[in-house]
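A.B. asks: There's a structure below that I have some questions on.
The values are calculated or read from the model by the stated rules, or taken from the named source; none is laboratory data. Only a predicted model underlies this, so the values are computations on that prediction, with no experimental measurement involved. Heads up, the Cβs are rebuilt from the backbone with ideal geometry, glycines too, and the neighbour counts pull from every protein chain shown. Heads up: the accessible areas ignore ligands, DNA and RNA and are worked out on the full protein's heavy atoms, side chains in. Shrake-Rupley method; radii C 1.70, N 1.55, O 1.52, S 1.80 Å.
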Amino acid sequence: MKTLVFATNNLHKLEEVRDILGGSFRIASLKEIGCIDDIPETADTLEGNALQKARYVKDKFGYDCFADDTGLEVEALGGAPGVFSARYAGLGHDSEANMRKLLKELEGKTNRQAQFRTVVALLLEGREYTFEGIVCGTILTERRGTAGFGYDPVFVPEGYAETFAEMGSEEKNRISHRARAVQKLADFLHKR
Ligand code: IMP
């Protein structure tokens with residue numbers, strides 16, 4: 001079975017991806033290939049960061065590899081926080097601070113449209129590919145729910161009444177931006 005490295009040590013992401021791809025590929029984490037580096041993510045786009053991470057692993061460890069990067073893109077904020085979603089309230093700040101800043105920036109705004117967007121970059125047999133997954137929705141004026149992470153308590157996906165933080169992880173993982181991008185990756189790999 002071919003080994004593909006997923007450039008992450010996030011166990012939730014690994015589990016999600018192994019569920020989708022695990023039957024046909026051995027998915028190895030960074031830890032499993034002995035990579036303990038803090039891989040740079042200095043690009044100014046999601047695509048750039050995903051490619052940067054995948055190239056780093058390929059160059060330094062030699063494995064075919066894929067990497068992901070995700071951002072919350074809010075229409076009334078011109079696409080912010082986008083690639084800066086993890087550090088919207090500043091370096092070292094947590095999800096609470098990020099959500100507080102987001103709700104403050106949106107105060108009084110009637111357009112609450114937003115989307116989560118994930119880009120997966122794949123380096124395979126000397127070629128680079130990217131796959132995108134999007135889930136559209138709206139930003140509430142206050143938090144609801146305790147599950148999930150990041151901006152989940154303020155994001156309601158289109159066609160649903162609950163926030164991501166009020167849904168079970170199974171349901172969220174079925175419709176999420178990351179699942180959609182990884183499903184495209186899986187379709188591509190299975191067609192080869
Ligand atoms: P990453 O590229 O997956 O590390 O995501 C970057 C940032 O986007 C995270 O630190 C979160 O703030 C946010 N984010 C990514 N995915 C989700 C999600 O599924 N729900 C809520 N926030 C997310």
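A.B. asks: Can you figure out the FRET efficiency of Glu75 with Arg127, using R₀ = 25 Å and their beta-carbon distance, to the nearest 0.05?
C.D. replies: 0.15
A.B. asks: With runs of 4+ DSSP H residues as the only contributors, calculate the mean residue ellipticity of the chain at 222 nm using -39,500 (n - 2.57) per run, divided by the residue total and rounded to the nearest 500.
C.D. replies: -9500 deg cm²/dmol
A.B. asks: So, one more: Points 7 angstrom from Cα along the Cβ direction at Arg192 and Thr146: gap in nanometres?
C.D. replies: If labels sit at Arg192 and Thr146, their model points lie 4.3 nm apart.
A.B. asks: Solvent-accessible area per residue for region 56-187 at a 1.4 Å probe radius, Å²?
C.D. replies: Result: 49 Å² of accessible area for each residue.
A.B. asks: Right, another one. Hey, in the GNM for the chain with a 10 angstrom Cα cutoff, which one of Thr70, Thr110, Thr163 fluctuates hardest?
C.D. replies: Thr110
A.B. asks: Where does each of Cys65, Cys136 land when they are ordered by accessible area, with a 1.4 Å probe and the largest first?
C.D. replies: The residues order as Cys136, Cys65, largest area first.
A.B. asks: Still on this structure, I have one more. Can you give the local net charge around Met99? Use residues other than it whose beta-carbon is closer than 12 angstrom to its beta-carbon, Lys and Arg +1, Asp and Glu -1.
C.D. replies: Once positives and negatives cancel, what remains is 0.
A.B. asks: How large is ³J(HN,Hα), in whole Hz, for each residue of region 86-94 in order, when computed from phi with the Karplus curve 6.51 cos²θ - 1.76 cosθ + 1.60 and θ = phi - 60°, using x for Gly and Pro?
C.D. replies: 5, 10, 4, 8, x, 4, x, 8, 9
A.B. asks: Here is a follow-up. Could you work out how far apart the two model spin labels at Met1 and Ser24 are, taking each label as a point 7 Å from the Cα in the direction of the beta carbon, and quote it in nm?
C.D. replies: 1.4
A.B. asks: Looking at this model, which pairs from Lys60/Lys101; Lys13/Lys109; Lys31/Lys104; Lys31/Lys172 are more than 28 angstrom apart at the alpha-carbon?
C.D. replies: Pairs exceeding 28 Å: Lys60/Lys101; Lys13/Lys109; Lys31/Lys104.
A.B. asks: Run the numbers for Thr45 and Ala97: contour at 0.36 nm per residue of separation, minus the present Cα-Cα distance, in nm.
C.D. replies: Contour length minus Cα-Cα distance gives 16.5 nm.
A.B. asks: Starting from the 7 Å offset along Cα-to-Cβ, what nm value, one decimal, do you get for the label separation of Glu158 and Phe84?
C.D. replies: 2.7
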